[in-house]
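*Asks:* Sharing a structure with you now.
The values are calculated or read from the model by the stated rules, or taken from the named source; none is laboratory data. For clarity, every value in this text was computed on a predicted model and none was experimentally measured. Positions of Cβ are backbone-derived with ideal geometry, glycine not excepted, and every protein chain shown enters the neighbour counts.
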Amino acid sequence: MTGLEKIIEHIRQDAQISANTIMKQGDDDVKELLAEAEANLENEKLKLEEKKKNDVEQVLSRGQSAAKLMQRKMLLEAKQQVIGEMIEAAKDSLYQMPDTDYFEVIYKVVEKNALNKAGEIVFSKRDLERVPAGFAEKLKTQGLTISKESKEIDGGFLLLYGDVEENCSFDAMFMAAKETLQDEVRDLLFG
């Protein structure tokens, strides 16, 4: 198992624990709401004894429907929160990688996104200061040189080909893949 796979597995485990905790809390909250709703309905039932049985059943039915709707809403919100947290944790894990692993990921993204022509790669100030020895030579195989200038990005890079700029920052890549990532994480955790 590679370091990245270990990180992802660790994140999955943490996310599953978080999801279980949030879902348990949601279930507990819904049970409490149901208990309160049933107590309120019972009081109304005693006050309205002379009313028809049908009226009481309608009130009970509306209360249960509202509680079920609230439960579904709370569960959905909890799932969305866990999914968002897991995606953020995955992105944050990239920033925490050792330099060697980090620049291996960078190079894989370069291979996937570099055009077949001469260009320039622009890093953040932090990344520019920690480019490993030999990495510039490796980039030349992709037709890229490292810019002396830096950009205000958290991680990843920009590719410049004349007036054309391709944003390969981690923020941009995660944003572009947001829906796909959310679907995959949802299926992984709750599928």
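*Asks:* Could you tell me how many of the residues in the stretch 79-89 are among the small types (Gly, Ala, Ser) and buried (at least 19 other Cβ atoms within 10 Å of the Cβ)? Spell out the reasoning first.
*Replies:* First, the residues of the stretch 79-89 that are among the small types (Gly, Ala, Ser): 84, 89.
Remaining after also requiring buried (at least 19 other Cβ atoms within 10 Å of the Cβ): none.
Here the count works out to 0.
*Asks:* Is it true that residue 145 is surrounded by 12 or more Cβ atoms within 10 Å (Cβ to Cβ) and polar (S, T, N, Q)?
*Replies:* Against the criterion (surrounded by 12 or more Cβ atoms within 10 Å (Cβ to Cβ) and polar (S, T, N, Q)), residue 145 qualifies.
*Asks:* Is it true that residue 27 is among the acidic types (Asp, Glu), modelled with pLDDT under 85 and surrounded by 13 or more Cβ atoms within 10 Å (Cβ to Cβ)? I'd like the intermediate steps shown before the answer.
*Replies:* Working: among the acidic types (Asp, Glu): yes; modelled with pLDDT under 85: yes; surrounded by 13 or more Cβ atoms within 10 Å (Cβ to Cβ): yes.
Yes.
*Asks:* Is it fair to say residue 169 is surrounded by 18 or more Cβ atoms within 10 Å (Cβ to Cβ), modelled with pLDDT under 95 and hydroxyl-bearing (Ser, Thr, Tyr)?
*Replies:* Yes; evaluated as a whole, the condition is true for this residue.
*Asks:* Looking at this structure, is residue 152 closer than 30 Å to residue 83 by Cβ and under 17 Å from the mean Cα position of the chain (by Cα)?
*Replies:* No: the conditions fail for residue 152.
*Asks:* Say we look at the stretch 93-116 and pick out the residues that are outside any helix (DSSP H, G or I) and loosely packed, with under 13 Cβ neighbours inside 10 Å; which of these is modelled with the highest pLDDT?
*Replies:* 98
*Asks:* Considering only the stretch 154-191, state which residues are β-branched (Val, Ile, Thr) and in contact with a helix residue (DSSP H, G or I) (Cβ under 7 Å, 6 or more places away or on another chain).
*Replies:* Of all residues in the stretch 154-191, those β-branched (Val, Ile, Thr) come to 164, 180, 185.
Result: 185, single match.
*Asks:* If you take the residues of the stretch 117-140 that are surrounded by 12 or more Cβ atoms within 10 Å (Cβ to Cβ) and small (Gly, Ala, Ser), which of them is farthest from residue 170 (Cα to Cα)?
*Replies:* 118
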